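Have a look at the structure below, then the notes.
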């Protein structure tokens, strides 16, 4: 997510990625929310996932780089236990009122692969999360892991190249960072976390059948950084070409449903 351009639309997200806050049972079991918990939600989006544990904890601060998403969270989840704030989490270390060692738990669902995309700020973000927590506090996360949506990545880059974009420029448009389990473990341990649980899971994920959703909707929303490399008048053509490439790969014969090859990396780390 970018602080310079807000690509996020609540309506588009609901149409194309409404499954994101629903596929969180394992992450919630890792969080193990308690009535006294003060929780920081990093990359909270529109607040739907946050709302799933809000009733059973003490308080929550949800932060996200998207003004549109935060505005939606404020509107939909106007709860005295919840606060919502626009923060570019790549620069969380600059937020002294948040990074203050007062949080029982920090959670992040389906956001770190956006937040960690810039290598110069990755470790600063981790340090800020570490410094936000009380001693013994837990960092709980789920994100895209190494090998996430490889078919989409290939089709996006290939299509840009076919439109005359140099291969290196097409690769540089990638807005995501999908680390391996080993990379994540090493990164967290290097700044003083104790990694208690870490797993990577291949989880094919069914796309929505909503109007303006499905495969084309997913590409337009999630792949916006790739599409923005092209002139605006070429973007719809590119989306159609990407869909033509992907449809035979992601469509199931028995019912026509479309599935992407999601790989999820999740874990629990304790501040020691």
Return the residue satisfying two criteria in turn: it lies in segment 171-188 and is closer than 30 Å to residue 236 by Cβ and touching a residue at least 24 places away in the same chain (Cβ under 8 Å), and of such residues it is surrounded by the fewest Cβ atoms within 10 Å (Cβ to Cβ).
174
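Tell me, which helices (runs of 4 or more DSSP H) lie completely within segment 11-87 with 1 or more residues that are modelled with pLDDT of 95 or more, over 27 Å from residue 205 (Cβ atoms) and more than 17 Å from the chain's Cα centre (by Cα)? Even if it seems obvious, please write down each step before you answer.
On the way: elements: 25-31, 48-53, 67-76.
Those helices (runs of 4 or more DSSP H) span 67-76.
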Just a yes or no: is a residue in segment 187-195 over 30 Å from residue 126 (Cβ atoms) and at pLDDT 95 or above?
no
Single residue of segment 189-202 satisfying the filter (under 18 Å from the mean Cα position of the chain (by Cα) and surrounded by 15 or more Cβ atoms within 10 Å (Cβ to Cβ)) that is farthest from residue 255 (Cα to Cα):
198
Just one of 138, 128 is buried (at least 20 other Cβ atoms within 10 Å of the Cβ) and part of a strand (DSSP E or B); which is it?
138
Could you go through segment 175-184 and let me know if any residue there is in contact with a strand residue (DSSP E or B) (Cβ under 9 Å, 6 or more places away or on another chain) and part of a strand (DSSP E or B).
no
Please enumerate the residues belonging to segment 191-200 that are in contact with a helix residue (DSSP H, G or I) (Cβ under 8 Å, 6 or more places away or on another chain) and not in a loop (DSSP other than H, G, I, E, B).
193, 195, 197, 198, 199, 200
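If you take the residues in segment 92-123 that are assigned to a loop (DSSP other than H, G, I, E, B) and touching a residue at least 40 places away in the same chain (Cβ under 8 Å), which one is surrounded by the fewest Cβ atoms within 10 Å (Cβ to Cβ)? Before you say what the answer is, go through the steps one by one.
We begin by selecting, within segment 92-123, every residue assigned to a loop (DSSP other than H, G, I, E, B); these are 95-102, 110-111, 116-118.
So of that shortlist, the ones also touching a residue at least 40 places away in the same chain (Cβ under 8 Å) come out as 98, 102, 110-111, 116-117.
Numbers: 98: 22, 102: 13, 110: 22, 111: 25, 116: 23, 117: 18.
Of everything passing the filter in segment 92-123, 102 is surrounded by the fewest Cβ atoms within 10 Å (Cβ to Cβ).
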Residues of segment 211-268 that turn out to be touching a helix residue (DSSP H, G or I) at 6+ places or on another chain (Cβ under 8 Å), surrounded by fewer than 19 Cβ atoms within 10 Å (Cβ to Cβ) and assigned to a strand (DSSP E or B), as a count:
1
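The values are calculated or read from the model by the stated rules, or taken from the named source; none is laboratory data. Keep in mind the model is a prediction, meaning the values are calculated, not measured. Every residue, glycine among them, receives a Cβ derived from its backbone with ideal geometry; neighbour counts consider all protein chains shown.
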